[in-house]
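Down below is the structure, laid out as structure tokens.
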Amino acid sequence: MKIEVIFLVNDKMEDYFFQKNVVVVDLLRATSTIITALANGAKSIIPTSSVEEAVKIAKNFEKSTFLLCGEKNTKIIEGFDLGNSPLDFTEDKVKDKKLILTTTNGTKIFSLLKHSLNVLIYSTLNLTAVKQKMTELSDEWLIICAGRNGFYDASDSIAAGFLISKFSKTKSRLELNDAGKTSLILYEKYKDDLNNFLKKSEHGKILIENGFEADIDFISKIDKFNINAEFVNNNIGLI
């Protein structure tokens, strides 16, 4: 298995992702929220790059069929139905609904992946399922870390490390770039205390300051869901 981890993404990288197999992780919190919503019965999710784009897309649907979801700097956007806390995406709210989602970091990445081959959505909440689907589909992958406001985010890096560790324990040869090796080192050091690591990270501290400590506790539940989701034709749905 060949895995390349990318810590920072910019809009010039779209060609780099052409016909590549990609795993997207924004552990705190977009991809964790996406996986939770789909596990709780959401029909599909449309990731958008901005509030304006989300509102524009929403005009194409009957109000009873969708929810506008998103956050800006951790807080729910005024006038939206839900924010970006996975705990809010309960079955009674999202079942059979299309979700239009915009977040500060994670959802912006998908605009660069329209011509990628396979695009899987990853959180530690569906760790083993993603590993199994990667093995099934290909032996070459990119793991894209969403980062935070254009900077490195340790929470995404350790999530990448958790995923890589699933392959390092197999007998097959594993080829990593430097970012992948760094993520694996981070995992090895903190693998037994993910919750505390996330709470002490810069991103985690910001979430706690804004009242979202419970989100971190929830996201730290490794393999809570046995599902896979993919991004195809501007939509994210279960495979």
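Values computed for the structure shown
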item: Residue that is farthest from Gly41 (Cα to Cα) [pool: residues in region 208-224 that are in contact (Cβ under 8 Å) with a residue 40 or more places away in the chain and not in a helix (DSSP H, G or I)]; result: Asn210
item: Residue in region 59-72 that is under 29 Å from Ser220 (Cβ atoms), surrounded by 12 or more Cβ atoms within 10 Å (Cβ to Cβ) and modelled with pLDDT under 95 present; result: yes
item: Among (1) of a type outside the set (Asp, Glu); (2) on the phi < 0 side of the Ramachandran plot; (3) modelled with pLDDT of 95 or more - the single one Asn105 does not satisfy; result: (3)
item: So Phe17, is it touching a Lys or Arg at 6+ places or on another chain (Cβ under 7 Å) and of a type in the set (A, V, I, L, M, F, W, C); result: no
item: Residues within region 162-177 that are in a helix (DSSP H, G or I) and either among the hydroxyl-bearing types (Ser, Thr, Tyr) or surrounded by fewer than 16 Cβ atoms within 10 Å (Cβ to Cβ) (or both), tallied; result: 2
item: Count of residues meeting criterion [of a type in the set (Val, Ile, Thr) and crowded, with 24+ Cβ neighbours inside 10 Å] in region 134-143; result: 1
item: Check on Ala159, of a type in the set (Gly, Ala, Ser), out of contact with any Gly (no Cβ under 7 Å at 6 or more places or on another chain), buried (at least 22 other Cβ atoms within 10 Å of the Cβ) and in a helix (DSSP H, G or I); result: yes
item: Among the residues listed as Phe225, Phe231, Phe212, Phe218, the single one being over 15 Å from the mean Cα position of the chain (by Cα), crowded, with 16+ Cβ neighbours inside 10 Å, modelled with pLDDT of 95 or more and not small (Gly, Ala, Ser); result: Phe212
item: Residues that are touching a Leu at 6+ places or on another chain (Cβ under 6 Å), part of a strand (DSSP E or B), surrounded by 24 or more Cβ atoms within 10 Å (Cβ to Cβ) and touching a residue at least 60 places away in the same chain (Cβ under 8 Å), drawn from region 84-133; result: Leu99
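Residue by residue, here is whether (1) without any contact (Cβ under 8 Å) to a residue 12 or more places away in the chain; (2) over 30 Å from Leu99 (Cα atoms); (3) part of a loop (DSSP other than H, G, I, E, B) holds:
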| residue | (1), (2), (3) |
| --- | --- |
| Ala179 | no, yes, no |
| Lys189 | yes, yes, no |
| Asn195 | no, no, no |
| Ile206 | no, no, no |
| Asn226 | no, no, yes |
| Glu230 | no, no, no |
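The values are calculated or read from the model by the stated rules, or taken from the named source; none is laboratory data. This is a predicted model, so every value here is computed, not measured. Counting neighbours? That spans all protein chains shown, and the Cβs are built from the backbone with ideal geometry, glycine included.
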